[in-house]
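For reference, the structure is listed below as structure tokens.
Where a number appears in this text, it was derived from the coordinates with a stated rule and is not lab data. What you see is a predicted model, and the numbers here were worked out from it, not measured in a lab. Quick reminder, even Gly has a Cβ in these numbers, built from the backbone with ideal geometry, and neighbours come from all protein chains shown.
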Amino acid sequence: MSLGELSPQSCILGTGAYAPAQVLTNADLEQRVDTSDAWIRERTGIGERRVAASDEAASDMAKVAAQRALEAAGIQATDLDMIIVGTISADMPLPACAAFLQAKLGARQVPSFDVAAACAGFVYALSIGDQFIRTGMAKHVLVVGVELLSRVLNWEDRTTCVLFGDGAGAAVLGPASGDARVLSTRLYTDASLASSLCIPAGGSKEPLTAEGIEARRDKVHMVGQDIFKVAVKNLTSASRTALDDAGLTSTDVDWVVPHQANLRIISQVSQRLEIPMDRFIINIDRYGNTSSASIPMALDEGIRDGRVKPGQTVLMCALGAGISWASALARM
Ligand code: UT7
């Protein structure tokens, strides 16, 4: 998956994002659980997050982000050859969120599937889409990260409910043009920490029971410190490998768009990569951890507000449940 001689390479033609209107502040959470604005800000960098309306599903949020990305890319939904959605909070356990998204966009009967790589889902989707374009199997691929995590959180568990938010981000990949191209992608999984971040019940191993629901085993469980330690290490090494693959170094990176799980993780990755924090695009203060949506939401923000310019080099890196992690390097 390194920069190779395969042709044509892909590039990011356009991005889009969507955040639900309802804002949930740290002060709101102080009313629900034993927490404080000071603790949440100091330990995570989060100030507020968004929560989807009761009549919104993940595919509704994905649709808006996707439509904005299609518009930015200058193509129609009917031009898409593939739809890949990174999500762990799809509309239903079956079928894929991507199937509902295909219908809502009015896309053709193209392959549409979800990738269950949690917070790394968008970078996984980007890498898969890039491979299909490189091999000539697809010309335009829609890649989406969408999460409606507010529905899978235990709102009585202060160790998780203060961290996450809802949102969607999307990118349209197309054939590389000019200098713009996806330079390299790297994907990893280490199952030894699978139980440190999971939703224990509701799958085939532990079907939902009344007792399971009562014990909130159908909600996100996380041993935060286990994940924190590996996050810094793995995000740094995956980023270095993506740079090596492309024959670049930290000094060649204009912007880092990291997964937004914790500002302290981002800060330590910044130190280890020796890329200053002012070259990181950060939105965790306003959206919390939106899992697979965090990178495309931040990337879209950076493009639309003019920070990320054509020709610049963007490094993306993410880590989440699995644990799965990934990096991608793109010239815009
Ligand atoms: O995106 C998916 C990947 N996820 C991540 O990358 C998350 C990685 N982990 C983290 O970001 C951090 O571990 C957390 C933000 C989840 C937790 O921060 P921490 O500094 O590791 O806190 P801790 O778990 O060590 O807890 C420290 C203390 C504990 O109290 P005691 O035992 O010292 O008395 C917790 O009970 O903070 C307490 N605590 C809270 N206090 C107020 C935990 N959550 C809260 C809270 N409000 N919301």
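Structural remarks
- Taking the Cα centre of the chain as reference, the dipole from Cβ charges on Lys and Arg (+1) and Asp and Glu (-1) amounts to some 440 debye.
- For the chain, alpha-carbon Rg over 2.2 N^0.38 Å: 0.93
- Ranked list, fewest to most other Cβ atoms within 10 Å of each Cβ, for C97, C198, C161: C198, C161, C97
- Förster-model FRET efficiency, 30 Å R0, D28 and F113, C-beta, rounded to 0.05: 0.25
- The long axis of helix 294-304 is offset from the longest Cα principal axis of the chain by roughly 50 degrees.
- With a threshold of 29 Å on the Cα-Cα distance, the over-threshold entries among K63/K205; K104/K139; K219/K309 are K63/K205; K219/K309.
- Taking a straight Cα-Cα cut-off under 15 Å and skipping sequence neighbours fewer than 8 places away in the same chain, the aspartates and glutamates within cross-link reach of K233 are D190, E274.
- When restricted to Cα atoms, segment 183-332 yields an Rg and a Dmax of 16.9, 55 Å, respectively.
- Among D55, D305, D244, the largest mean-square fluctuation in a Gaussian network model of the chain, built with springs joining Cα atoms closer than 10 Å, belongs to D55.
- In the chain, a dipole from Cβ-located charges (positive for Lys and Arg, negative for Asp and Glu) runs towards its positive end, and of Q271, I46, A19 it is Q271 whose Cα lies farthest in that direction.
- Crossing angle, helix 224-245 versus the chain [Cα axis fit, 0-90 degrees, rounded to tens]: 0
- Two-site label geometry, D226 and E42: point separation in nm, points 7 Å out along Cα→Cβ: 2.7
- Going from the residue with the fewest nearby Cβ atoms within 10 Å to the one with the most, T87, T189, T15, T44 rank T189, T44, T15, T87.
- ³J(HN,Hα) computed for each position of segment 27-33 - Karplus, 6.51 cos²θ - 1.76 cosθ + 1.60, integer Hz, glycine/proline x: 5, 4, 5, 4, 7, 9, 9
- Here E48, E42 are placed in order of increasing Cβ neighbour count within 10 Å, fewest first, which gives E42, E48.
- In this Cβ point-charge picture (+1 for Lys and Arg, -1 for Asp and Glu), segment 183-331 has a dipole of about 120 debye about its Cα centre.
- Relative contact order %, segment 183-331, counting alpha carbon pairs below 8 Å whose residues are six or more apart: 36
- For trypsin sites (Lys or Arg not before Pro), the sites in segment 162-247 that DSSP calls loop and that have at most 10 other Cβ atoms within 10 Å are K205.
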